[in-house]
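Step one of this worksheet: look at the structure below.
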Amino acid sequence: DLKTGAVHPVVVRHPRTGRRLLYVNPAFTMHIVGRTRADSLPLLHKLYAAATAPENVGRVEWRPGTVAIWDNRTTWHLAMNDYHGHAREMHRIT
């Protein structure tokens, strides 16, 4: 609700491609408007499971000189700390 934070649709359209995108994530989505948290969780968990299913996950194998670019509107980014002993350099562009 508006007193506790932002309200967003569950699905939005990409501004360039028109494709539908999930606009929820487990870190910030509390519930679906019009439903209690308890009533929202089964559907939210199903959406999160679909988003993280192996066929929807990409993984970068870092090597010297590797560059990765992604569209934050369509991607959940999770930085794995798998580069022990190496510096991670990231530049955000918009």
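Rolling a 1.4 angstrom probe over region 1-68 with all protein chains present gives an accessible area of which 57% lies on carbon and sulfur atoms. Taking His14, His91, His84 and ordering them by how much accessible surface each has at a 1.4 Å probe, largest first, produces His84, His91, His14. Computed across the chain, the Kirkwood hydrodynamic radius from all distinct Cα-Cα pairs reaches 16.0 Å.
Residue separation of Ala27 and Arg88 scaled by 0.36 nm, minus their Cα-Cα distance, works out to 19.7 nm of gained length. Residues in the chain average 91 Å² of solvent-accessible surface per residue, probe 1.4 Å, ligands and nucleic acids excluded.
In the context of the full protein assembly, Val7 retains an accessible surface of approximately 70 Å², using a probe radius of 1.4 Å and ignoring ligands and nucleic acids. Residue-wise HN-Hα couplings along region 72-89, as the Karplus relation 6.51 cos²θ - 1.76 cosθ + 1.60 with θ = phi - 60° gives them from phi, are 4, 6, 10, 10, 8, 9, 10, 7, 8, 7, 10, 10, 3, x, 10, 7, 9, 10 Hz; Gly and Pro carry x. If you plug the beta carbon distance of Glu61 and Val10 into 1/(1 + (r/R0)^6) with R0 = 30 Å, you get a FRET efficiency near 0.35.
The values are calculated or read from the model by the stated rules, or taken from the named source; none is laboratory data. Since the structure is predicted, the reported quantities are computational estimates derived from the model, not experimental observations. All Cβ positions, glycine included, derive from the backbone under ideal geometry; neighbour counts span all protein chains shown. Just so you know, the surface numbers come from the protein's heavy atoms only, side chains and all, with ligands and any DNA or RNA stripped out. Shrake-Rupley method; radii C 1.70, N 1.55, O 1.52, S 1.80 Å.
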